[in-house]
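Here the structure comes first, spelled out in structure tokens, and everything after it is commentary.
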Amino acid sequence: MLSGGQVRIKAYGLVEFTKSGYVKTQAVVLPLTVVLIVLALLWQPTGTWAANPIFGYLEWWLLLVLFAELAETVIMLRKFRELDAALR
């Protein structure tokens, strides 16, 4: 998985990332998720919106997404570190 001297890893078997590209992507995704959680806390659905479990518990769903993103970040950074160590 080397191209131009940089370690590349495929995320979900679809998108190839270098470590710097992955960190830049996560630097956008993680704060955006936090902003969405704050907005979900400020917006309280009413009427039929509140009856829908997705919208009624939106802040919890987004918190779950944030934890999944953090777990993915830890796993991917570990993969980058292991592959880089194996190549040295």
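Rule-based calculations on the coordinates, nothing more; no lab input. Just so you know, these numbers come straight off a predicted model, no measurement behind them. Note that we place each Cβ from the backbone using ideal geometry, even for glycine, and neighbour counts take in every protein chain shown.
Using the Karplus relation 6.51 cos²θ - 1.76 cosθ + 1.60 with θ = phi - 60°, the per-residue 3J(HN,Hα) values for region 76-88 come to 5, 5, 5, 5, 4, 5, 5, 5, 5, 5, 5, 7, 8 Hz, with x marking Gly and Pro.
For helix 19-42, what angle does its Cα long axis make with the longest principal axis of the chain, in degrees from 0 to 90 and rounded to 10? That works out to roughly 10 degrees. FRET efficiency for the W61 to V23 pair, using the beta carbon distance and R₀ = 25 Å, is estimated at 0.45.
Within straight-line reach of K19, meaning a Cα separation under 13 Å, sit the following aspartates and glutamates at least 8 residues removed in sequence or on another chain: E82, D84.
Partner aspartates and glutamates whose Cα lies under 18 Å from the Cα of K79, excluding those fewer than 8 positions away in the same chain, are identified as E16, E69.
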